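Written out below as structure tokens is the structure these notes cover.
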Amino acid sequence: MEIKTTLLKQFDRCFNGNGWFVAVRNAVDGIGVEQAAWKPNDAVNCIWETLSHLTYYNHAYLQRFKGIEFEYDVSDNNETFSTGEYTEQDWQADVARFDAVMTEWRQLIAAADESKFLEPVPTNTTRIWADLLADVNAHNAYHGGQILLLRKLAGNWNPNAGVS
């Protein structure tokens, strides 16, 4: 099996195709700003903050995959969990931005030559794209699980929407 085929299958499972776990896009589907901003206590990131974090890093590596030198504009990882104002319009815009980043990611992975995945990552030449993308997918799955747990804790997850 080609590296690209494996990465695409993994990407789809983590982004929008439930498998053994609920994909991130499906975990945020149908929730409004109140649910997105809810958290059980201040030590936990809310769904919106987590989606903001995922969008930030997926965008950063997408740019690098395209050959654009992306420099982090944050000094601390915690800054990637920021959201701005808690309005329905802003929430829907952030979901749309996540969708756009992830859709472009999928298109670029699908269009890439198999050799691209064996190239070193510009910001860390000891790693190749295949390894980094596998970690990006795992990172998305990890935070997707957090989002799903928050929905379950808040009592607004429908187990018929995916893995319970």
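The numbers here are math on the coordinates, done by the rules we state, and not lab data. None of these values were measured; they are calculated from a predicted model. FYI the Cβ positions are ideal-geometry reconstructions off the backbone, even for glycines, and counts take in every protein chain you see.
The table for this structure:
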read-out	value
Under-5 Å amide H pairs with residue 128, H placed in peptide plane, nonlocal only	121
Test item: Cα-centred dipole of the chain, Lys/Arg +1 and Asp/Glu -1 on Cβ, debye	640
Sequence-distant lysines (8 or more away, or on other chains) whose Cα lies within less than 25 Å of residue 152	39
Cα gyration tensor category, rounded, prolate or oblate, for the stretch 39-81 with a/c compared to 1.5	oblate
Separation of the residue 42 and residue 127 label points, Cα + 7 Å toward Cβ, nm	3.3
Dipole-positive endmost among 130, 19, 117 within the chain (Cβ charges, Cα centre)	19
Partners for residue 116 among lysines (Cα-Cα distance below 29 Å; same-chain residues under 8 apart left out)	4, 9, 66
Ascending count of other beta-carbon atoms within 10 Å, so fewest first, for 20, 105, 38	20, 38, 105
The stretch 1-49-the stretch 114-164 distance, computed between alpha-carbon centres (Å)	8
Computed label-point distance, nm, for sites residue 113 and residue 93 using a 7 Å Cα→Cβ extension	4.0
Share of alpha-carbon pairs per 10 Å distance bin for the stretch 3-158, given as whole %	10, 40, 34, 14, 2
